Ligand SMILES: [Zn+2]
């Protein structure tokens, strides 16, 4: 898995362009990865609905729940499905609209400086083996292409009281173990008091 620095895209994964993105602030590089969980409609796996939401083409007549979200202009850089399949919607050098009102280490507007990765899942059900495997490969590729990356956290951590994803179903310790060869470790254990779950340790 690799990233083309010209296009800001992962090679060999489908790219479905979202209109819900814009430029990052001048000179700003991504230093944070935000992990999310999403299902549409809530609790249901599969279907094209997440693609449709991020691409601004969700048909509200297809499910009663959709009328309540069809106005949202949201996106993420990536979605990882239950089977580990990866889809990209926004090039990494652009700002995807995934975090909303948010704060990390005293900095507001996390979209400015983060990469948003959605995992198909609910807060309480365990995420799938294949999703951890894909996420690990994606992160290894991202840190190669964007050496500015330093930390990783959950949407619930940067928007507490407003968001609950990826929730207790997401096993941070498991991700830490998978990413250890890439120099990631639990942030708290290393004295980071920033709200990060995992951080890249200098070698
Ligand atoms: Zn989220």
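Taken together, the values in this text are just the output of simple stated rules run on the coordinates, not laboratory data. As the structure is a prediction and not an experimental result, all values here were calculated from the model. Cβ placement follows ideal geometry from the backbone for every residue including glycine, while neighbour counts extend to all protein chains displayed.
Inter-part distance, region 25-86 to region 127-203, computed on C-alpha centroids, equals 20 Å.
Does region 48-149 classify as rounded, prolate or oblate by the C-alpha gyration tensor (a ≥ b ≥ c root eigenvalues; a/c under 1.5 gives rounded; else a/b over b/c gives prolate, otherwise oblate)?
oblate
Relative to the globular-protein estimate of 2.2 N^0.38 Å, the Cα radius of gyration of the chain stands at 0.96. Entry note, the chain: the mean residue ellipticity at 222 nm calculated from DSSP H runs of n ≥ 4, each adding -39500 (n - 2.57), is -5000 deg cm²/dmol after division by the residues and rounding to the nearest 500.
Take every pair of alpha-carbon atoms less than 8 Å apart whose residues are at least six positions apart; their mean separation over the length of the chain yields a relative contact order of 25 percent.
Label-to-label distance, residue 202 versus residue 173, with points set 7 angstrom from Cα along the beta-carbon direction: 3.0 nm.
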